[in-house]
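This report refers to the structure that appears directly beneath it.
None of the figures in this text is laboratory data; all of them are computed from the coordinates on show. Keep in mind the model is a prediction, meaning the values are calculated, not measured. Because the Cβ atoms are built from the backbone with ideal geometry, glycine has one as well, and the counts that use them run over all protein chains shown.
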Ligand SMILES: *Cc1c(COP(=O)(O)O)cnc(C)c1O
């Protein structure tokens, strides 16, 4: 430790964890050095300390890890999207209106969907569904007759019948044709039900997104009609006298679009298709630009995969102005604008709070000492010499030689030339050389690549009570970077560099990519673990996709959820509105076809046998069965 622990301020932590850059002013640090939520996006305004929410949740019996859902942020994001559209549409003198829809797949939780519908009511903000179950939810929960329900995805006959049911109920249903053959079913069933749904068409744009979802556009994308197919669709509808139904034009080129230039190109290409369709006599009313607005996960504001080089307002400005300019140029009326923005609406509102329950690292072995003797094997003498001679000018050479000797040690051991204790000494000396090299290179400007790797390998691991596969699947699947920040002590200097490991038995259950002021980095700057206190960290921006895509790897189930609302009249500025309990072991076992009652019975039968033979006392037997049952019905995570 070179610097003292004094004069470390909140500002230093804000910088270390880049909070202002990814936090959209919803996140900051309060006077006590606790990470806090600022529901009004004013860092001098009302604050909710996450530490205080943890304490209250614990008092109410919530075990960790847990999802914290800040409903104020969700509401604020929906408002922000709608009000920005209204403002920019007015400024531009654009004649159409904005009719946004929320794509349910981004977060299907009922509480989330209900909240969005509730706050979106005054803006006629609707829902988008991409599957039959989502459609069932959309039909039940979008009760606003003025807002749209946009239907995408693969559609079988039941899906289309359900859509017709929605039309019968007087809902504004838009069925988007994504495969040419769908039009036949839609026309047939519309006639059968005697309804006239809005028919939409999804175009495959030639403009390609970059980033992880580039394959969602282009001629060979999974969804959408090519230009010849669209022209064909228009002729078909004309023939059948149904052209008036085709009134929505849609495209979606992929999620998390990193670069604003791609968005500009999409809007331009889309707007040209729109004006041409109008000229062909198609009465398009809605111009649906899909989703794709990204989130600045790593705070770099660059066009890398975990970031974006634009703001929501920049995006909206481009949609409105580019569309307006092209329409005006071609003398075509302005359509209504629809977006299916999901990620940018929900990512910020929830986070995963987990406790660090231990650490593993070579540092823990410091107490182990090696012994050397006169009659040591040559291998040991060599590595000991390397250890003695190591200095600033020869560390790279020393490292190479140490690696060679380590390999030789193992060969010698396999051949029976050295014994277990000698191998142990050689390995300890090797790791000591490595950690000394890391100290020697700490302040070097240039550090060779292999030494950098050594740093990551040797970094201590903090063991965190959560499953990456349940709570942050994208960090594993697509190397998505998420901000990770300690919950308190942010006014003291974090002195450790660690990687994180989860509690699954999977070696992939680790995080070794973090944001930092210098860009991505393989370790997280974090505090020394306190001795007698729990140490909590948060994984942030998990509200879109991460929340609901998780799986049950190792049978770790869904997390406890804490739903939080702000309240100005409360001394801590918040109240917990609802706690949703996560899965018990019995819940997840049942999903895998086990029967928990049968499992208890089987344990009881076996223990009864042991009681009969006298191997177990009856009293002990009963308590063993009770304990088994208690574990069966408790939380899947570490206690
Ligand atoms: C996934 C999806 C969206 C949501 O995209 P975001 O990038 O989360 O805004 C919108 N529309 C369609 C058709 C989608 O498949």
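Nearest 5 percent is fine: what portion of the DSSP beta bridges confined to the chain is antiparallel?
Taking every DSSP beta bridge within the chain, about 50 percent pair in antiparallel fashion.
Working from Cα positions, state the angle (0 to 90°, nearest 10) between the long axis of helix 395-414 and the longest principal axis of the chain.
Taking the Cα atoms of the chain, the angle to 395-414 is about 70 degrees.
Once label points are set 7 Å from the Cα along Cα→Cβ at both residue 591 and residue 421, what is their separation, rounded to one decimal in nm?
Simple spin-label model gives 5.2 nm for this pair.
Would you list 202, 436, 369 from fewest to most Cβ contacts within 10 Å?
Result, fewest neighbours first: 369, 436, 202.
Give the separation of the Cα centroids, region 382-414 to region 559-638, in Å.
The distance from the Cα centre of region 382-414 to that of region 559-638 comes to 51 Å.
Can you give me the angle between helix 71-92 and the longest principal axis of the chain, using Cα atoms only, in degrees from 0 to 90, rounded to the nearest 10?
Value to nearest ten degrees: 40.
Please arrange 348, 185 by counting, for each residue, the other beta carbons lying within 10 Å of its beta carbon, fewest first.
The most exposed by this proxy come first: 185, 348.
In whole Å, what are the extents of the chain along the principal axes defined by its C-alpha atoms, from largest to smallest?
Projected onto its principal axes, the Cα set of the chain covers 99, 73, 58 Å.
Helix-only estimate, please: 222 nm mean residue ellipticity of the chain, summing -39500 (n - 2.57) across DSSP H runs of length 4 or more and dividing by its residues, to the nearest 500.
Per the formula, -12500 deg cm²/dmol.
So how do 616-627, 168-179 stack up, highest first, on mean other-Cβ count within 10 Å?
The densest-packed peptide leads the list: 168-179, 616-627.
Going by average Cβ density within 10 Å per residue, which order do the peptides 537-547, 384-394 take, highest to lowest?
The densest-packed peptide leads the list: 537-547, 384-394.
What do you get when you divide the Cα radius of gyration of region 1-82 by 2.2 N^0.38 Å, with N the number of residues?
Here the Cα radius of gyration is 1.27 times the empirical estimate.
Suppose each label sits 7 Å from its Cα in the direction of the beta carbon; what would the residue 575-residue 634 distance come out to in nanometres?
In this crude label model, residue 575 to residue 634 measures out at 3.2 nm.
Going by alpha carbons, how many degrees (0 to 90, nearest 10) lie between the helix axis of 449-458 and the longest principal axis of the chain?
80
In whole angstrom, and with the biggest value first, how far do the Cα coordinates of region 50-102 range along each principal axis?
The Cα atoms of region 50-102 stretch 54, 19, 13 Å along their principal axes.
If you build the convex hull over the alpha carbons only and average its shadow over all orientations, what do you get for region 378-455? Give it in nm² to one decimal.
4.9
Roughly speaking, what is the centre-to-centre gap between region 98-152 and region 61-90 when only Cα atoms are used, to the nearest Å?
15
Against the 2.2 N^0.38 Å scaling, with N counting residues, where does region 29-71 land? I'd like the Cα-based Rg ratio to two decimal places.
Compared with the compact-globule rule of thumb, region 29-71 sits at 1.23.
To the nearest 0.05, how large is the calculated FRET efficiency for residue 140 and residue 111 if R₀ is 25 Å and r is the Cβ-Cβ distance?
The value I calculate is 0.95.
When the scattering of region 537-582 is computed by the Debye formula from its Cα atoms alone, each counted once and equally, what is log10 I(q)/I(0) at q = 0.20 Å⁻¹?
-0.85
Counting other beta carbons within 10 Å of each Cβ, put 446, 321 in order, fewest first.
Placing the least packed residue first, the sequence is 446, 321.
For region 468-602, what is the Kirkwood hydrodynamic radius in Å, using each pair of distinct C-alpha atoms?
One over the average 1/r among Cα pairs gives 17.7 Å for region 468-602.
Considering every pair of different Cα atoms, what Kirkwood radius, in Å, is found for region 586-632?
Mean inverse Cα-Cα distance, inverted, gives 11.2 Å.
Stokes-Einstein diffusion coefficient for region 546-639 at 25 °C in a medium of 0.890 mPa s, Rh from the Kirkwood formula over Cα pairs: what value in µm²/s?
It comes out at roughly 151 µm²/s.
How big, on average over all directions, is the shadow cast by the Cα convex hull of region 1-156, in nm²?
Mean shadow area of the hull around the Cα atoms is 14.6 nm².
Would you mind computing, in nm to one decimal, how far apart the modelled labels at residue 396 and residue 261 are, each placed 7 Å from Cα along Cα→Cβ?
Calculated label separation equals 3.6 nm.
Based on the mean of other Cβ atoms within 10 Å per residue, sort peptides 633-639, 191-197 so the most packed one is first.
Output ranking for 633-639, 191-197: 633-639, 191-197.
Can you list, largest first and rounded to whole Å, the semi-axes you get for region 483-555 by taking the square root of 5 times each eigenvalue of its Cα gyration tensor?
Output for region 483-555: semi-axes of 23, 16, 14 Å.
Could you pull the Rg and Dmax for region 115-192, using just the Cα atoms, both in Å?
Reported Rg and Dmax, both Å: 12.3, 37.
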